[in-house]
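Trainee: Structure provided below as structure tokens; questions to follow.
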Amino acid sequence: YYTPLLKQISQQSGFHSSNFLLAFTTGDSVQIAQFERKYQTGWRTIGGLEAQKLAQLYQASVTPELIVLSQNEQVIYRGRLSNAYVAPGRKRIRTSLSEIDTLYQAYTLQKPIGLPAQPAIGCLMNP
């Protein structure tokens, strides 16, 4: 569901893939490569142990979950990507708020986020 939005963001001016990544904590390198070929999001992807360590470091608990870091790698936002889902597997009829788009705009304009974090809705990650 989120891949078209990720691709759209990657095509905006100011996007640098070195600053944004998708961490796949499950799946092998073949599956991740297939995802990259199929969706071409433009985001840097990591998987396996590297992604698991990153998720553990930043205490990610749900997938998908958006974590935004400051320049000194402090978490400044942790939560949902948008209000598209009301519960795991239960999508809204219409999405009215895209946190990831709002956060990206703040990032490119170098403005404070000013967006209250809403809990991520998705599947729980294995510890």
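Trainee: With respect to the numbered conditions (1) outside any helix (DSSP H, G or I); (2) under 12 Å from the mean Cα position of the chain (by Cα); (3) modelled with pLDDT of 85 or more, which one is the sole condition not fulfilled by VAL68?
Mentor: (3)
Trainee: Would you be able to tell me the number of residues in the range 73-119 that are open to solvent by 90 Å² or more (accessible area, probe 1.4 Å), modelled with pLDDT of 85 or more and not in a loop (DSSP other than H, G, I, E, B)?
Mentor: So the answer is 2.
The values are calculated or read from the model by the stated rules, or taken from the named source; none is laboratory data. It should be emphasised that the depicted structure is a prediction, and the values quoted were computed from it without experimental measurement. The protein model used for the area step is the full one, side chains on, heavy atoms only, and it has no ligands, DNA or RNA in it. Shrake-Rupley method; radii C 1.70, N 1.55, O 1.52, S 1.80 Å.
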